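Below is one structure; the comments refer to it alone.
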C-alpha cells in the first residue's frame, strides 16, 4: 500500500540515524520495521512500591479546648486573623 506521511523532523532524524547502521537497507524498510516494533510492544509501565504513611502518636494537648474552634484559631493564627 502506498501512502504519504508527514514525519516530524526529530522522527525523521532518528530514522535516518537508524538507516546509517544499515546503509544497504531501503528507507521504507527501516520505517516499516520501526512501525512494526512500535505497534507490537505495548509501553511498559514502571512499577512503584506502594506509598506508606507512618503514623505516630502526637499526644493529646490537655491545654487546648477542641470544642471551641474560635479559641483554637486565635491561638494558632493570632487574634488579628479576621
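Residue 3 to residue 41: FRET efficiency via 1/(1 + (r/R0)^6), r the Cβ-Cβ distance, R0 25 Å, to the nearest 0.05?
Between residue 3 and residue 41 the formula returns 0.60.
Take the Cα radius of gyration of the chain and divide it by 2.2 N^0.38 Å, with N its residue count; two decimals is plenty.
For the chain, the normalised Cα radius of gyration is 2.70.
Where does each of 37-49, 9-21 land if you order them by average Cβ count within 10 Å, highest first?
Going by the mean number of other Cβ atoms within 10 Å, highest first, we get 9-21, 37-49.
What's the ranking of 57-63, 22-28 by average number of surrounding C-beta atoms within 10 Å, highest first?
Listed from highest to lowest mean packing, they are 22-28, 57-63.
Bear in mind these aren't lab numbers, they're just calculated from the coordinates by the rules spelled out. It should be emphasised that the depicted structure is a prediction, and the values quoted were computed from it without experimental measurement. With ideal geometry, Cβ positions are generated from the backbone for all residues, glycine too; neighbour counts draw on all protein chains shown.
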